[in-house]
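Trainee: Below is the structure I would like to discuss, written out as structure tokens.
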Amino acid sequence: MAPIFSASLARLPQDLQTELRMKVFQELSPKEKVIRIEEMVRSLGYYDESNDEVSRQKLGKTVEEQIMMSEMRLTELRNMSDDKNKFKGKRFAGVCADYAQIVCAALREAGISAGILAGFSMHGKEAQMRNSHATAFVPWPTADGGIRVIPIDGTPSSGAESLEDAVGLSRPALSEL
């Protein structure tokens, strides 16, 4: 696979790096690793519907800085909320683009080639920001020697009344497919 899809995207937080290097994870098949990474990021994420200001602050920052900002945003939301339980077990607050980066970085850390897809769902002749979505992907070999692009969506549904309503798009987890 081209080096662009396997080069490190960002240094992940130490505990996530450690999890990806654990023997039990290393012994998984590539398919199982991809599913586990998607599940891990979804479980650690909180979908931040009020993320406009933070998204603007992330412009021009490295992926590593953006991941750190997603951690800081969750702390900020937790401190502002009366309902601390909704953040239980969460590590990051962000939107689909943030989770695409985290998933891609984790996949590459695990030795799996990955990239990021971003685009719009057209409605007639219009495309609106609320109909945009980003997700990681892995190039997966097919039986006939080709390559199939498999979307890996780490975007969590927690935090959004409905992810479908929040972004206009949603994708089931790989484990559901």
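Trainee: Amide H neighbours of Arg91 under 5 Å, counting only residues 5+ apart in sequence or on other chains, H built in-plane at 1.01 Å?
Mentor: Gly45, Tyr46
Trainee: Add +1 for every Lys or Arg and -1 for every Asp or Glu among the other residues with Cβ under 14 Å from the Cβ of Glu71, and state the total.
Mentor: On the way: positive: Arg11, Lys58, Lys61, Arg73, Arg78, Lys90, Arg91; negative: Asp15, Asp48, Glu64, Glu65, Glu76, Asp98.
Combined, the nearby Lys, Arg, Asp and Glu give +1.
Trainee: If you don't mind, there's one more thing I want to ask. So what are the ³J(HN,Hα) numbers for region 57-62, from phi and the Karplus equation (6.51, -1.76, 1.60; θ = phi - 60°), rounded to whole Hz, Gly and Pro as x?
Mentor: 5, 7, 4, x, 8, 6
Trainee: Please identify the trypsin sites (Lys or Arg not before Pro) of region 1-81 that satisfy two criteria: DSSP loop assignment and at most 16 other Cβ atoms within 10 Å. Which are they? Intermediate results must be reported in sequence, preceding the final value.
Mentor: On the way: sites: Arg11, Arg21, Lys23, Lys31, Lys33, Arg36, Arg42, Arg56, Lys58, Lys61, Arg73, Arg78; in loops: Arg11, Lys61.
Here the trypsin sites (Lys or Arg not before Pro) that fit, given the DSSP loop and packing criteria, are Arg11, Lys61.
Trainee: Given H placed on each backbone N at 1.01 Å, which residues far from Ile152 in sequence or on other chains put an amide H within less than 5 Å of it?
Mentor: Long-range HN contacts for Ile152: Ala136, Phe137, Val138.
Trainee: Express in nm, to one decimal, how much length is gained between Asn85 and Ile147 on full extension, taking 0.36 nm for each residue of separation and deducting their alpha carbon distance.
Mentor: On the way: separation 62, 0.36 × 62 = 22.32 nm, distance 4.24 nm.
Length gained, Asn85 through Ile147: 18.1 nm.
We did not get these values from a lab; they are worked out from the coordinates using the rules stated. Predicted model only: the values in this text are computed from it and were never measured. In this analysis, Cβ positions are derived from the backbone assuming ideal geometry, glycine residues included, and neighbour counts consider all displayed protein chains.
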